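Asker: What follows is a structure written as structure tokens; I'll ask about it next.
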Amino acid sequence: MIRSEILRDMAPVLKDRLVVCNIGIPSQELHAIQDEPSNFYMLGTMGLASSIGLGLAVAQKKPVIVIDGDGSVLTNLGTLATIGNTHAPNFILLIIDNGSYGSTGDQPTYAGQRTSLAEVARACGTERVVECRGEDAGQALQRALEAGEKTVIVVKCDSGNAKMPVITMDPVTIRDRFMGAVQAE
Amino acid sequence: MSIDARIVDDLIANDISFVTTVPCKQLAGVIAEIDTRDAIRHVPCTKEDEGMGLCAGAFMGGKRPAIIMQNTALGVTVNTLATLIQYYRLPLPMLISYRGELREPVACQVEMAVHTKAILSQMNIPTYHFHRQSDADELDPILKYTFMCNKPVAILTDATFWGGYGDQ
């Protein structure tokens with residue numbers, strides 16, 4: 001299973017939830033599959049999806065789902081320590097770990113080799129860390145939402161990208177409609 | 001009142017309720033003061049660009065953020081300032097210790113000090129330089145300006161402002 005298939009599978013669980021989505025093809029895929037004001041698309045700044053999501057989770061009470069990638073988490077590995085040490089029971093980090101830098105031509109990452117992001121997340125202090133296959137991602141996410149506990153989910157899957165259009169929406173529009181969704185009752 | 005308490009009072013008076021920090025010896029008093037105030041949620045970050053991500057999220061979640069950091073880290077935040085904070089038009093006060101200025105005992109600090117204002121200028125980031133303690137009288141209007149214009153704004157605080165480096 002590749003990322004776009006997992007996103008399509010999880011779409012019903014993501015609907016109407018605050019979602020912060022990783023830069024590049026992941027955001028393009030989510031945008032094409034299920035565009036919603038409650039999706040925050042990163043157009044740049046590789047690695048900071050989890051940080052933006054954590055700040056958002058700390059600032060308000062609604063659950064926050066971050067869709068991140070193994071390559072992006074590796075560029076900001078300190079984020080797992082900040083997550084592990086910060087009280088944020090409404091925060092879910094879902095790492096689609098396909099062992100490759102998908103947006104740049106599927107070059108292999110260390111997460112696909114000897115490095116286990118799940119083990120790093122645990123060692124950094126997050127207690128609820130779930131590792132699953134792509135087929136089970138939607139269910140793992142649903143369970144994390146029900147648990148109401150800070151969770152890191154590492155979804156091991158195949159490398160590959162769906163061909164989707166680039167997001168042309170203005171960043172201020174993305175931010176403005178997202179903030180509207182955050183404030184909505 | 002101490003300069004640390006005055007600075008934190010101004011943050012709170014401007015509804016800043018989320019602060020992330022990477023420590024600096026000069027900023028230690030401000031950071032300690034923040035930890036005594038219930039009005040501010042302090043989440044230390046491991047790196048300044050990560051901290052700016054936290055601030056972006058906190059702002060979208062309804063809290064006014066601020067970051068406290070050293071000027072030596074400005075280089076690692078250039079991409080984040082351009083593609084996140086400026087691109088999405090997010091307000092971000094940056095209280096920065098200006099290492100490598102007069103009275104600096106560590107030579108290597110000067111190497112980033114000479115680039116600090118050039119980087120900020122190149123990025124069109126409004127920049128204020130606190131040299132005397134009376135310069136802090138402008139912190140309140142600087143914070144109001146930041147949240148009026150939705151931009152990152154740099155407040156450089158040098159060693160003279162902080163009263164030197166003590167025994168270092």
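Asker: Within 10 Å of each candidate Cβ there may be at most 12 other Cβ atoms; applying that plus a DSSP loop requirement, which trypsin sites (Lys or Arg not before Pro) in segment A:114-185 survive? Kindly include the intermediate steps, with their values, before the conclusion.
Answerer: On the way: sites: A:R114, A:R122, A:R128, A:R133, A:R143, A:K150, A:K156, A:K163, A:R175, A:R177; in loops: A:R114, A:K150, A:K163.
Loop-located and lightly packed - A:R114, A:K163.
Asker: Please work out the C-alpha center-to-center distance from segment A:63-110 to segment A:140-185 and express it in whole Å.
Answerer: So the separation of the two Cα centres works out to 12 Å.
Asker: If you don't mind, another one. For a label point 7 angstrom out from the Cα of B:R6 toward its Cβ, which stretches of segment B:121-138 have the backbone nitrogen within less than 18 Å?
Answerer: Answer for segment B:121-138: B:128-138.
Asker: Need one value for B:38-46: mean number of C-beta atoms belonging to other chains within 10 Å of its residues' C-beta atoms. Don't skip to the answer; put the middle values down first.
Answerer: Details: counts 0, 0, 0, 5, 0, 9, 4, 8, 9.
Neighbouring Cβ atoms belonging to other protein chains average 4 per residue here.
Asker: Tell me, what is a quarter of the convex hull surface for the C-alpha atoms of segment A:3-183, in nm² with one decimal?
Answerer: Details: hull surface 35.4 nm².
Directional mean of the projected Cα hull area for segment A:3-183 stands at 8.9 nm².
Asker: What FRET efficiency do you get for A:Q113 and A:K62 if R0 is 51 Å and r is their Cβ-Cβ distance, rounded to the nearest 0.05? Please report the intermediate quantities before stating the final value.
Answerer: Numbers: r = 36 Å, r/R0 = 0.71.
So, using R0 = 51 Å, E works out to roughly 0.90.
Asker: Amide H neighbours of B:V153 under 5 Å, at least 5 residues apart or on other chains, H built in the peptide plane: list them.
Answerer: The list, which skips near neighbours in sequence, is B:L92, B:M94.
Asker: Taking other Cβ within 10 Å of each residue's Cβ, how do A:M42, B:M148, B:M69 sort, fewest first? Please list the in-between numbers first.
Answerer: Working: A:M42 28, B:M148 10, B:M69 25.
Ranked by crowding around the Cβ, least crowded first: B:M148, B:M69, A:M42.
Asker: For A:C157, what charge total do you get from the other residues with a beta carbon under 11 Å from its beta carbon, if Lys and Arg give +1 and Asp and Glu give -1? Intermediate results must be reported in sequence, preceding the final value.
Answerer: Details: positive: A:R3, A:R133, A:K156; negative: A:E5, A:D9, A:D70, A:D97, A:E135, A:D136, A:D158.
With Lys, Arg at +1 and Asp, Glu at -1, the neighbours total -4.
Asker: Another question, if that's okay. Kirkwood hydrodynamic radius, computed over distinct alpha-carbon pairs, for segment B:3-161: how many Å, to one decimal?
Answerer: Values: mean 1/r = 0.0650 Å⁻¹.
15.4 Å is the Kirkwood radius here.
Asker: So, one more: If you count, for each residue, the other Cβ atoms within 10 Å and average over each peptide, how do A:43-49, A:18-24 line up from highest to lowest? Don't skip to the end; give the middle numbers.
Answerer: Working: A:43-49: 23.9, A:18-24: 25.6.
By packing density, highest mean first, the sequence is A:18-24, A:43-49.
Asker: Output the pairs from A:K62/B:K117; A:K62/A:K163; A:K15/B:K144; B:K47/B:K144; A:K62/B:K25 with a Cα-Cα distance over 29 Å in this structure; if there are none, say none.
Answerer: Working: A:K62/B:K117 40 Å; A:K62/A:K163 32 Å; A:K15/B:K144 37 Å; B:K47/B:K144 26 Å; A:K62/B:K25 36 Å.
Long pairs (Cα-Cα over 29 Å): A:K62/B:K117; A:K62/A:K163; A:K15/B:K144; A:K62/B:K25.
Asker: Under a cut-off of 14 Å between alpha-carbon atoms, report the aspartates and glutamates in cross-link reach of A:K61, not counting same-chain residues fewer than 8 places apart.
Answerer: A:E149, A:E185
Asker: Right, another one. Please compute the volume of the convex hull spanned by the alpha-carbon atoms of segment A:104-167 and report it per residue in Å³.
Answerer: Working: hull volume 8.5 nm³, N = 64.
Output value, Cα hull per residue: 132 Å³.
Asker: Moving on. By how many nm would the segment from A:T173 to A:D106 lengthen if fully extended, with 0.36 nm per residue of separation less the alpha-carbon distance? The partial results should precede the final answer.
Answerer: Values: separation 67, 0.36 × 67 = 24.12 nm, distance 3.03 nm.
This chain segment gains 21.1 nm when fully extended.
Asker: Starting with the highest mean, order A:95-101, B:106-112 by the number of other Cβ atoms within 10 Å, averaged over the residues of each peptide. Before the final figure, lay out the partial values.
Answerer: Numbers: A:95-101: 23.7, B:106-112: 12.7.
Most protected by this proxy first, the peptides run A:95-101, B:106-112.
Asker: To continue, here is another question. What does a probe at A:E149 reach in segment A:100-128, counting residues whose amide N is under 12 Å from the point 7 Å along Cα→Cβ?
Answerer: It comes to A:126-128, nothing else.
Asker: Taking each residue in A:58-69, count the Cβ atoms of any other chain within 10 Å of its Cβ, then average. What number comes out?
Answerer: Values: counts 9, 14, 6, 1, 1, 0, 2, 0, 1, 0, 0, 0.
Mean inter-chain Cβ contacts per residue within 10 Å come to 3.
Asker: Give me the net charge for the shell around A:I67: Cβ to Cβ below 10 angstrom, other residues only, Lys and Arg +1, Asp and Glu -1.
Answerer: Numbers: positive: A:R3; negative: A:E29, A:D68.
Counting the neighbours of A:I67, the net charge comes to -1.
Asker: Semi-axes of segment A:19-71's equivalent ellipsoid from the Cα gyration tensor, sqrt of 5 times each eigenvalue, largest first, rounded to whole Å?
Answerer: The three semi-axes for segment A:19-71 are 18, 14, 8 Å.
Asker: Long-range amide H contacts for A:F40: which residues qualify at under 5 Å (H placed 1.01 Å from N, peptide plane, sequence gap of 5 or more or a different chain)?
Answerer: A:V19, A:V20, A:C21
Asker: Continuing with this model, one more query. Considering only DSSP beta bridges with both partners in segment A:3-183, what is the antiparallel share in %, to the nearest 5?
Answerer: Values: 2 of 27 bridges.
Just about 5 percent of them are antiparallel.
Asker: Rounded to the nearest 5, what % of DSSP beta bridges with both residues in the protein assembly as shown are antiparallel?
Answerer: Bridges in the protein assembly as shown that DSSP calls antiparallel: roughly 5 percent.
Asker: Same structure again: Taking K and R as +1 and D and E as -1, what net charge do the other residues with C-beta under 13 Å from the C-beta of A:N90 add up to? Each step should come with its number before you reach the end.
Answerer: Details: positive: A:R17, A:K61, A:K62, A:R128, A:K150; negative: A:E146, A:E149.
Net charge in that neighbourhood comes out at +3.
Asker: Another one. Dividing the convex hull volume of the alpha carbon atoms of the protein assembly as shown by its residue count, what do you get in Å³ per residue? Intermediate results must be reported in sequence, preceding the final value.
Answerer: On the way: hull volume 49.0 nm³, N = 353.
Taking the convex hull of the Cα positions in the protein assembly as shown, it is 139 Å³ per residue.
Bear in mind that the values in this text are calculations on the coordinates, not laboratory data. Everything numeric here is computed off the predicted structure, so don't read it as measured data. For neighbour counting, all protein chains shown are included, and Cβ atoms are generated from backbone atoms with ideal geometry for every residue, glycine included.
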